[in-house]
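J.: Pasting a structure here, questions to come.
None of the figures in this text is laboratory data; all of them are computed from the coordinates on show. Predicted model, so just to flag it, every value in this text is computed and none were measured. With ideal geometry, Cβ positions are generated from the backbone for all residues, glycine too; neighbour counts draw on all protein chains shown.
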Amino acid sequence: MKYGVCSGHEPDSSEFSTLGGWVSTRASGMKKNTYGNIEDIVCNVTYVTPTGTYTKTNLWPRVSNGMDMNHVVMGSEGNMGLVTEVVIRTRPIPEVKIYESLIFHDYEVGIKFMAAVAKTDCWPTSVRLVDNTQFQFGAALKPASDSMWTEFVEAAKKFYVVKVKGFEPNTMAACTMLFEGSESWCRNAHATIVNLGK
């Protein structure tokens with residue numbers, strides 16, 4: 001953030017993990033649709049082994065001759081040595097972030113929605129479908145509010161979803177999404193994907 005750039009790589013374990021750990025476990029991040037997985041952003045790795053240190057002599061992410069040792073290191077889980085230094089590609093901090101969530105009558109409808117999203121050319125930066133058990137678990141973990149207004153708004157939302165829209169609390173599923181990037185792409189992709197969920 002300090003330099004106006006980001007890696008975009010955000011695995012669920014980010015607060016408990018390191019860049020070297022991401023490489024050695026060949027990590028995937030929740031924003032991979034936009035930024036790629038760790039192997040898509042690594043330019044170079046310094047890898048210390050019992051017999052010496054490996055590193056490429058250039059920072060190009062891809063070379064056309066021979067085997068790319070970075071791909072041997074990625075996913076090695078520390079079995080051959082330790083990752084001590086990594087050079088990655090960065091991108092400008094996104095202009096816009098749009099958060100969205102949709103609910104579905106059941107998980108099967110959610111799966112059909114995800115299949116429709118996969119056929120588009122504007123995948124959300126992050127998209128996650130949760131079944132009813134996960135949905136209820138997430139609701140149970142929601143912290144209690146001290147505000148009567150917040151409680152009133154939450155009760156009104158629940159009334160609208162269950163009584164007006166006719167969703168069954170014991171079968172409904174949810175999808176959370178994030179659109180991140182240029183304003184024009186985010187607005188267009190958001191409108192396209194939300195329209196699929198109607």
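J.: Are any of the pairs K31/K158; K32/K157; K2/K97; K2/K119 more than 27 Å apart by Cα-Cα distance, and if so, which?
T.: Working: K31/K158 30 Å; K32/K157 32 Å; K2/K97 18 Å; K2/K119 37 Å.
Pairs exceeding the cut-off: K31/K158; K32/K157; K2/K119.
J.: Once the piece of chain linking V109 and E168 is laid out straight, how much longer is it, given 0.36 nm per residue of separation minus the C-alpha distance between them? Intermediate results must be reported in sequence, preceding the final value.
T.: Details: separation 59, 0.36 × 59 = 21.24 nm, distance 1.32 nm.
Extra length available between V109 and E168 comes to 19.9 nm.
J.: Quickly work out the T49-to-S13 label distance, labels modelled 7 Å from Cα along the C-beta direction, and quote it in nm with one decimal.
T.: It is 2.3 nm.
J.: Taking 0.36 nm per residue of sequence separation and subtracting the Cα-Cα distance, how much length would be gained by fully extending the chain between Y160 and W123, in nm to one decimal? Could you put the intermediate results ahead of the total?
T.: Numbers: separation 37, 0.36 × 37 = 13.32 nm, distance 2.90 nm.
Between Y160 and W123, full extension yields 10.4 nm more.
J.: With springs only between Cα atoms under 10 Å, which of L82, L129, L141 fluctuates most in a Gaussian network model of the chain?
T.: L141
J.: Sticking with this one: If I stretch the segment between Y3 and T84 completely, what's the gain in nm (0.36 nm per residue apart, minus their alpha carbon distance), one decimal? It would help to have the intermediate numbers written out before the result.
T.: On the way: separation 81, 0.36 × 81 = 29.16 nm, distance 2.28 nm.
Taking Y3 through T84 to full extension adds about 26.9 nm, to one decimal.
J.: Using the basic label-point model (7 angstrom from Cα toward the beta carbon), what is the D68 to E95 distance in nanometres?
T.: So the two model labels end up 3.0 nm from each other.
J.: When only DSSP loop residues count, what trypsin sites (Lys or Arg not before Pro) in the range 108-191 have their Cβ near at most 16 other Cβ atoms within 10 Å? Working shown, then result.
T.: Numbers: sites: K112, K119, R128, K157, K158, K163, K165, R187; in loops: K119, K165.
Hits after loop and neighbour filter: K119, K165.
J.: Cut-off 10 angstrom, C-alpha nodes, Gaussian network model of the chain. Which of A144, A115, A27 fluctuates the most?
T.: A144
J.: Normalised radius of gyration for the range 28-174, please: alpha carbon Rg relative to 2.2 N^0.38 Å, two decimal places.
T.: Cα Rg divided by the expected 2.2 N^0.38 Å: 1.55.
J.: Among D12, D121, which comes first, second and so on when ranked by fewest other beta-carbon atoms within 10 Å? Walk me through the numbers before you get to the answer.
T.: Numbers: D12 11, D121 6.
By the 10 Å Cβ count, ascending: D121, D12.
J.: Could I ask something else about it? For a quick check, take a GNM of the chain with Cα springs below 10 Å and name the residue from E39, E85, E15 with the largest mean-square fluctuation.
T.: E15
J.: Could you let me know the centre-to-centre spacing of the range 68-88 and the range 156-198, using Cα atoms, in angstrom?
T.: Computed from Cα coordinates, the inter-centre distance equals 39 Å.
J.: Shape call for the range 146-187 from the C-alpha gyration tensor, a ≥ b ≥ c root eigenvalues: rounded (a/c under 1.5), prolate (a/b greater than b/c) or oblate?
T.: oblate
J.: If you rank Y160, Y107, Y3 by fewest surrounding Cβ atoms within 10 Å, what's the result? All intermediate terms of the calculation are to be shown ahead of the outcome.
T.: On the way: Y160 11, Y107 19, Y3 8.
Placing the least packed residue first, the sequence is Y3, Y160, Y107.
J.: Suppose every K and R has +1 on its Cβ and every D and E has -1 on its Cβ; what is the size of the dipole of the chain about the Cα centre, in Debye to the nearest 20? Don't skip to the end; give the middle numbers.
T.: Values: 19 positive and 20 negative charges, 81 e Å.
With only Lys, Arg, Asp and Glu charged at Cβ, the dipole is about 380 debye.
J.: Tell me the label-point distance for the pair S145, T176, using the 7 Å Cα-to-Cβ offset, in nm and rounded to one decimal.
T.: 1.7
J.: Dividing the Cα radius of gyration by the Kirkwood radius, what Rg/Rh value follows for the range 5-92? Please list the in-between numbers first.
T.: On the way: Rg = 12.7 Å, Rh = 13.3 Å.
Using only Cα positions, Rg/Rh for the range 5-92 is 0.96.
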